[in-house]
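The values are calculated or read from the model by the stated rules, or taken from the named source; none is laboratory data. Predicted model only: the values in this text are computed from it and were never measured. Ideal geometry is used to build each Cβ from the backbone, glycine not excepted, and the neighbour counts take in all protein chains shown. Please note that ligands, DNA and RNA were not included when accessible areas were found on the heavy atoms of the full protein model with its side chains. Shrake-Rupley method; radii C 1.70, N 1.55, O 1.52, S 1.80 Å.
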Number of protein chains: 2
Amino acid sequence: MMVTTMLLRSKMAAEKVATGVTPNKGLKLMERYFSTQVLKSPLSLMSLDMPDIWAPPSPTDYCSPSSSPCNFSGQQTAAVIDGKSIAEEIRSAIAIEVSRMRRCIGKVPGLAVILVGQRRDSQTYVRNKINACEEVGIKSLFSALPEDCTEDTVVRELLRYNNDPSIHGVLVQLPLPKHLDEEKILNMVKLEKDVDGFHPVNIGNLAMRGREPLFVSCTPKGCIELLIRSGVEIMGKHAVVIGRSNIVGLPTSLLLQRHHATVTILHAFSKSPELTTQEADIVVTAAGVPNLVRGDWLKPGAVVIDVGTCPIEDPSSEFGYRLVGDVCYEEAARVASAITPVPGGVGPMTIAMLLANTLDAAQRVGDFN
Amino acid sequence: MMVTTMLLRSKMAAEKVATGVTPNKGLKLMERYFSTQVLKSPLSLMSLDMPDIWAPPSPTDYCSPSSSPCNFSGQQTAAVIDGKSIAEEIRSAIAIEVSRMRRCIGKVPGLAVILVGQRRDSQTYVRNKINACEEVGIKSLFSALPEDCTEDTVVRELLRYNNDPSIHGVLVQLPLPKHLDEEKILNMVKLEKDVDGFHPVNIGNLAMRGREPLFVSCTPKGCIELLIRSGVEIMGKHAVVIGRSNIVGLPTSLLLQRHHATVTILHAFSKSPELTTQEADIVVTAAGVPNLVRGDWLKPGAVVIDVGTCPIEDPSSEFGYRLVGDVCYEEAARVASAITPVPGGVGPMTIAMLLANTLDAAQRVGDFN
């Protein structure tokens with residue numbers, strides 16, 4: 001029956017390509033097909049594997065001063081949530097704590113990073129993480145594996161770090177090359193060293209009432225920290241999370257719910273996302289679509305956390321491009337009560353949270369408080 | 001720091017009792033306290049352990065014909081989603097499949113149920129499950145343990161079933177007596193036999209994109225089946241889930257999202273839940289509060305799945321009580337396009353899904369399709 005299901009899915013995919021049938025119609029067909037079958041577990045379990053492709057914004061959607069139909073009139077009313085300086089504060093505090101740990105028990109936290117392949121962006125992220133470790137006194141180990149390395153090689157490296165008592169956090173930089181089984185590899189990260197919080201047990205325990213995950217993913221944790229440290233009340237507020245990735249959208253929605261927000265998750269299949277967003281007290285957006293969220297998507301006074309980071313061409317910039325978030329900042333800053341900039345908002349918090357998780361892992365193992 | 005956190009929580013709880021401080025204010029204090037500390041993992045991780053106590057409905061809130069301020073005028077417009085007959089269909093199909101399995105490989109699926117204590121409702125549920133197994137030809141084993149048994153006794157029993165190759169599904173009837181560690185016990189159910197789908201790995205994999213849980217909890221799966229088999233389109237629709245329990249609300253919201261609905265989760269801390277519910281195309285309610293959802297909470301044409309099952313006194317009934325759901329049925333049936341009755345809606349589906357999960361587990365192990 002599983003085989004039938006998979007065949008049906010492939011058939012649907014093929015049909016979609018051939019005939020332009022919308023996934024919507026395909027799903028209806030699938031649901032009708034299933035409803036006539038004997039019911040077994042996988043049958044009603046729709047897969048999330050349809051890609052979340054958001055409608056691409058038209059060129060006029062970009063709200064840059066040059067090409068913009070945007071409303072740039074009025075003054076900025078929103079307070080800027082300065083992720084860079086908040087992250088710096090946290091890093092200083094971590095540095096003090098690491099040094100206290102070294103003094104008291106003669107040990108420091110250790111982080112191991114595994115990078116497979118030569119992706120420029122991944123290399124930059126990894127370099128930033130390692131530099132940040134160094135700055136606060138956390139030991140770091142780094143394995144750079146070739147693009148075409150085998151799964152066994154990655155696993156061997158991972159197990160070595162899993163078993164190394166001087167290493168308290170192990171992370172595998174994503175995305176992995178396509179020939180490697182990301183699920184299998186991430187599931188092998190020792191739960192007590194899963195400082196990225198991507199292990200399904202950590203996600204499951206984050207979702208469940210009365211459970212405590214050992215780690216919460218760094219970006220979602222950074223978003224919540226920004227809210228808390230900016231004095232934003234979360235409990236009872238309506239929070240809208242745009243995007244449902246395993247790395248950001250999903251854990252952020254779970255974390256907001258843990259803080260007793262009423263949470264709505266929007267994704268590429270949501271109808272009229274602007275109407276839902278207009279109801280939100282807090283908007284966290286992680287769709288990866290530049291300027292998806294316009295000023296008129298927001299309720300006056302909303303708090304906006306923009307996780308998106310997309311490079312777009314900008315000949316006037318030093319490097320020929322600049323980073324933009326999911327939010328049309330200039331518009332949003334005239335409607336929101338507080339907003340994170342891109343860059344300088346969520347980005348710096350992610351690494352600070354990674355350091356915090358690593359410190360926490362080390363203190364847990366060393367029973368050091 | 002963990003200790004401090006926990007002390008703070010206890011202190012807050014104590015203060016709340018002593019001074020009547022609302023959790024809202026307590027949380028604000030907590031957030032302010034945390035924001036001044038070095039950041040470590042558990043700090044910003046609010047616990048979900050505040051009980052979801054919904055405002056109790058006043059006596060006039062009950063919409064029974066005798067005591068009601070309800071609007072009983074107008075005709076029922078909603079189609080009744082007949083869970084009883086849909087569940088019967090599924091059970092017949094399962095019986096045929098079990099018999100085919102016995103014929104082909106000489107084996108049948110096996111389910112083990114562990115019940116601790118003497119709760120009447122639990123005894124009834126367990127009896128129903130065992131009877132349902134018998135009806136479709138699934139082997140069942142049953143352990144009734146005394147209320148005061150030790151954790152070791154439960155674990156020993158559980159491990160025995162985990163290791164018994166004739167048993168494909170193991171379930172521990174909840175709730176457990178307070179002296180037993182529910183989390184520890186549920187985590188020991190072998191993943192491949194977790195037919196209740198309560199293991200955090202199964203919940204985590206249900207939540208994550210690109211992952212497949214081995215099992216989905218029975219009641220949520222039953223709700224989705226009712227929608228699919230009633231021809232309700234889920235993708236792109238706005239679904240509101242009322243209640244966020246590990247057993248129903250949480251996995252239902254994850255499952256609806258897997259089917260590409262836009263999902264909002266309401267809980268006892270949500271403000272104006274009626275306004276959010278009014279926007280919903282699909283309402284799944286599992287708050288356990290009789291008649292919480294009134295007719296005017298619903299958008300005309302909404303589909304309503306009522307998971308609530310509360311006994312309320314009714315001298316006119318044979319047993320002195322009757323079961324009511326979370327929804328004021330008489331009102332809702334005049335607004336909704338389709339609705340599940342209580343009893344006879346979701347209830348029968350839960351057991352049907354348990355049988356389906358058990359069959360599925362057995363076929364997976366036996367590599368029988």
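Here B:Asp314 yields copy-to-copy label distances, from shortest upward, of 6.5 nm, the label point defined as 7 Å from Cα along Cα to C-beta. The modelled label-to-label distance between B:Tyr321 and B:Glu88, using points 7 Å beyond Cα along the C-beta direction, is 2.7 nm. Listed here are the pairs B:Lys107/B:Lys221; A:Lys84/A:Lys139; A:Lys129/A:Lys178; A:Lys107/A:Lys178; B:Lys190/B:Lys221; which of them are more than 32 Å apart at the Cα? Cα-Cα > 32 Å for A:Lys107/A:Lys178; rest within.
In this simple spin-label model, placing a label point 7 Å from the Cα along the Cα-to-Cβ direction at both A:Glu279 and A:Thr153 gives a separation of 5.1 nm.
Ranked from shortest, the separations from the 7 Å Cα-to-Cβ label point of A:Lys178 to its equivalents in the other copies are 5.7 nm.
Listed values for the stretch A:193-199 are Karplus-derived 3J(HN,Hα) couplings in whole Hz (6.51 cos²θ - 1.76 cosθ + 1.60, θ = phi - 60°), namely 10, 7, 5, 7, x, 8, 5, and x replaces Gly and Pro.
Across the stretch A:196-218, the residues whose backbone nitrogen lies under 18 Å from the label position 7 Å along the beta-carbon direction of A:Glu183 are A:198-205. For q = 0.10, 0.20, 0.22 Å⁻¹, what log10 I(q)/I(0) does the stretch A:224-369 give under the Debye formula with an equal point scatterer on each alpha carbon and no solvent? Ignoring solvent entirely, the Cα scatterers give -0.36, -1.23, -1.43. Summarising the amide proton neighbourhood of A:Val172: residues at separation of 5 or more, or on other chains, whose placed amide H is nearer than 5 Å comprise A:Ile114. In the stretch A:105-205, the alpha-carbon atoms span a convex hull of 98 Å³ per residue.
Sorted from closest to farthest, the other copies place their B:Ala144 label points 6.8 nm away, with each point set 7 Å from Cα along Cα→Cβ. When A:Thr276, B:Thr309 are compared by accessible area at a 1.4 angstrom probe, the order from most to least is B:Thr309, A:Thr276. Spin-label pair B:Gln123-B:Ala79: with each label point 7 Å from Cα along the Cα-Cβ axis, the two points sit 4.1 nm from one another.
Of the GluC sites (Glu not before Pro) in the stretch A:269-369, the ones in a loop by DSSP (not H, G, I, E or B) with at most 10 other beta carbons within 10 Å are A:Glu318. In the stretch B:72-215, taking the dipole from charged Cβ atoms about the Cα centre, the farthest positive-side position among B:Gly117, B:Val189, B:Met101 is held by B:Met101. For B:Lys184, the aspartates and glutamates whose Cα comes closer than 18 Å to its Cα, not counting residues fewer than 8 places off in the same chain, are A:Glu192, A:Glu212, B:Asp49, B:Glu147, B:Asp148, B:Glu151, B:Asp152, B:Glu157, B:Glu192, B:Asp194, B:Asp196. Among the GluC sites (Glu not before Pro) within the stretch A:128-159, those in coil by DSSP and having at most 15 neighbouring Cβ atoms inside 10 Å are A:Glu147. With only Cα atoms counted, the stretch A:215-293 has Rg and Dmax values of 11.7, 34 Å.
Loop-resident chymotrypsin sites (Phe, Trp or Tyr not before Pro) (DSSP state other than H, G, I, E or B) in the stretch B:157-265 with no more than 13 further Cβ atoms inside 10 Å of their Cβ are absent. Solvent-accessible area assigned to carbon and sulfur over the stretch A:105-205 amounts to 50 percent, based on a 1.4 Å probe.
Let me check against my output: what whole-number percent is the relative contact order of the stretch A:108-252, with C-alpha pairs under 8 Å and at least 6 apart?
For the stretch A:108-252, the relative contact order is 20 percent.
Averaged over the residues of peptide A:212-219, the number of Cβ atoms from other protein chains lying within 10 Å of each residue's Cβ is 3.
Measuring between their Cα centroids, the stretch A:180-208 and the stretch A:89-163 lie 17 Å from each other.
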